[in-house]
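Notes follow once the structure below has been shown.
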Amino acid sequence: MNKRFSFLSLLLGLFVCMSVLTSCSKSDDDGGSSSNPLVGTWRAEVEEKGVLQYWEFTFNADFSWSVMEYNKEDKKIHDSDSGTYKFMDDTTIILTNSEGNVYSRRFKITDGNKFEFLDHDHGIIYYKIK
């Protein structure tokens, strides 16, 4: 009876451990952003006419976005916009800007920290900075 009790205790312990481990998910640890790979701030550096420009896209978990363009030298914002976004599928988002213009953009994320629009500004890679 003692061996049977030990075996049942061992099985019950394993069952409890497995239940605890499988009930945890990564989204519980990061505030739910793991299901939305865009959340964060992404920066690209682009040189135009000898001037180094930064473009920063920020995608928020509440499905709002903003973009800023500024020069490295003066650090003044030269252009900006904001709006909302939604996913059409895993590689396409719909951006609506502050003026109500709607844009469909295909994108890809590689290595978890490189973002690229595939059908707009192709070849410009944004790197995750936050």
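The values are calculated or read from the model by the stated rules, or taken from the named source; none is laboratory data. Please read all numbers here as calculations on a predicted model, not as lab measurements. Cβ atoms come from the backbone with ideal geometry, glycine included; neighbour counts cover every protein chain shown. Ligands, DNA and RNA are stripped out before the accessible areas are found, and what is left, the full protein with its side chains, is counted by its heavy atoms. Shrake-Rupley method; radii C 1.70, N 1.55, O 1.52, S 1.80 Å.
Criterion first (of a type in the set (Gly, Ala, Ser) and modelled with pLDDT of 90 or more) does Ser35 satisfy it? Let's see the steps before the verdict.
Numbers: of a type in the set (Gly, Ala, Ser): yes; modelled with pLDDT of 90 or more: no.
It is false that Ser35 is of a type in the set (Gly, Ala, Ser) and modelled with pLDDT of 90 or more.
Under the condition of being aliphatic (A, V, I, L, M) and modelled with pLDDT of 90 or more, which residue from region 104-130 is farthest from Gly40 (Cα to Cα)?
Keep residues of region 104-130 that are aliphatic (A, V, I, L, M), which gives 109, 118, 124-125, 129.
Add one more test, that the residue is modelled with pLDDT of 90 or more, and what stays is 109, 118, 125, 129.
Working: Ile109: 12, Leu118: 19, Ile125: 15, Ile129: 8 Å.
The residue in question is Leu118.
Pairs needed: first member in region 52-63, β-branched (Val, Ile, Thr); second member anywhere, open to solvent by less than 20 Å² (accessible area, probe 1.4 Å); C-beta distance under 6 Å; at least 6 residues apart or different chains.
Thr58/Thr41
Suppose we filter region 79-107 for residues that are open to solvent by less than 40 Å² (accessible area, probe 1.4 Å), in contact with an Asp or Glu (Cβ under 7 Å, 6 or more places away or on another chain) and closer than 18 Å to Ile125 by Cα; how many remain?
1
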